[in-house]
There are 2 protein chains.
Amino acid sequence: MSNSMYQGSALVFTHNLKNLSKLLKKAAADCKVRGYDPSVLLNTRLAPDMFPLVKQVQVATDNAKGCCARLTGVANPLFEDDETTFPELQERIKRVLAFIRSLKAAQFEGSDSRQVEMKTPIGNLTFNGADYLNGWALPNFYFHYGAAYNLLRHNGVQLGKLDFLGPVPGMTMSGKIAKMMSGKTTAKTKKKR
Amino acid sequence: MSNSMYQGSALVFTHNLKNLSKLLKKAAADCKVRGYDPSVLLNTRLAPDMFPLVKQVQVATDNAKGCCARLTGVANPLFEDDETTFPELQERIKRVLAFIRSLKAAQFEGSDSRQVEMKTPIGNLTFNGADYLNGWALPNFYFHYGAAYNLLRHNGVQLGKLDFLGPVPGMTMSGKIAKMMSGKTTAKTKKKR
């Protein structure tokens, strides 16, 4: 009945951060192909009171590193949040990936029942590790990762759900679907969005 | 190091389906307040080649029930996918919640290492239960749930991240943040999106 805390957090985040990195590479390429200033896309929002793309990426990466730091009790590396370009966002993702990869599976051991406290200037949030992962860290991460994806799709960047999911770890495929899912995004694979 | 498969799937889905239900109630109320036909919002898309709201909800609920069925080896209830109104979508969510709640925690036992096979007309996808949950079922669910949220936000429905997260199971709060997060969405709580 168990699912590893390490697998459900560190491995999930590293997988999805690599997917996010690829989405952003496609977005940067789109700026070149359609000939517009990347800063326009980086500062685009889906609604005036939502975060722009650059902030969605900053917060998604924050959620990933913060979760792994809190579950393992390792200090959460502080970032300046001063990225303004696609290469700088890629560098940020690389730094978060390096931090998560520096943690060992054993450091997550027992974290499902360990207390996690999130301190904020206006009070604290407390959970056990499993509740924190399932009810806070993962939905927060997917919230901002999904917002980045939807913002890009709304602005015409050519992406599909397979870009969001990436090559699913541990999945084997048979039949036509294998070719469809392991190849590049095509009109057919983009159906389900 | 373990996280319960039951908690990480059934409980996560029931929590988020209740959140989705509330988002849709706010969306239906918005149609009345702003005086437009609900079918316009239900058929709105964030991009011409993305699913409209009604389909995002159908697929998100499909992911939730399909995952719980596959992890427990119980037959996946087939739905007609013929909803066209907000009340019908609420009814669909209720049916999925009832199905998931009919499953016991013990039925998820050992599902992390059991083989899960997704059969499609063009081939099959195979994983163990943990890889399926972490790499397929959860990201797929959040993909469509997030798309519904972002579509509503883009169209001016008054929502914030706290609506998406809902009242986090097992979380205790202290200080000003407790009042902020347990109350209704305010301009302040809507900051982080």
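Taking the listed residues B:18, B:26, B:32, the one that is open to solvent by 50 Å² or more (accessible area, probe 1.4 Å), assigned to a helix (DSSP H, G or I) and without any contact (Cβ under 8 Å) to a residue 12 or more places away in the chain is B:32, with no other qualifying. Answer yes if at least one residue in segment A:85-96 is part of a loop (DSSP other than H, G, I, E, B) and either open to solvent by 30 Å² or more (accessible area, probe 1.4 Å) or among the polar types (S, T, N, Q) (or both), and no otherwise. Checking segment A:85-96: at least one residue is part of a loop (DSSP other than H, G, I, E, B) and either open to solvent by 30 Å² or more (accessible area, probe 1.4 Å) or among the polar types (S, T, N, Q) (or both). Taking segment A:35-60 as the range and being touching a Leu at 6+ places or on another chain (Cβ under 9 Å) and in a helix (DSSP H, G or I) as the test, the residues that pass are A:41, A:42, A:53, A:54, A:56, A:57, A:58, A:60. Please enumerate the residues belonging to segment B:112-137 that are open to solvent by less than 10 Å² (accessible area, probe 1.4 Å) and more than 7 Å from chain A (Cβ to nearest Cβ). Of everything in segment B:112-137, those that are open to solvent by less than 10 Å² (accessible area, probe 1.4 Å) and more than 7 Å from chain A (Cβ to nearest Cβ) turn out to be B:116, B:129, B:132, B:137. When segment A:97-111 is filtered for residues that are more than 10 Å from chain B (Cβ to nearest Cβ), open to solvent by less than 40 Å² (accessible area, probe 1.4 Å) and aliphatic (A, V, I, L, M), the ones remaining, listed by number, are A:97, A:100, A:103.
From the set of residues in segment A:48-58 that are open to solvent by less than 10 Å² (accessible area, probe 1.4 Å) and hydrophobic (A, V, I, L, M, F, W, C), which is nearest to the chain's Cα centre (by Cα)? Top of the filtered list is A:57.
The single condition from (1) buried (at least 21 other Cβ atoms within 10 Å of the Cβ); (2) more than 8 Å from chain A (Cβ to nearest Cβ); (3) more than 30 Å from residue A:6 (Cβ to Cβ) that residue B:158 fails is (1). Condition check for residue A:164 on (1) in contact (Cβ under 8 Å) with a residue 24 or more places away in the chain; (2) within 8 Å of chain B (Cβ to nearest Cβ); (3) assigned to a helix (DSSP H, G or I); (4) more than 17 Å from residue A:93 (Cα to Cα): one failure, at (4).
The values are calculated or read from the model by the stated rules, or taken from the named source; none is laboratory data. All of these numbers come straight from a predicted model, not from anything done at the bench. Virtual Cβ from ideal backbone geometry, glycine too; neighbours counted across all protein chains shown. In case anyone asks, the SASA skips ligands and DNA or RNA and just uses the protein heavy atoms, side chains included. Shrake-Rupley method; radii C 1.70, N 1.55, O 1.52, S 1.80 Å.
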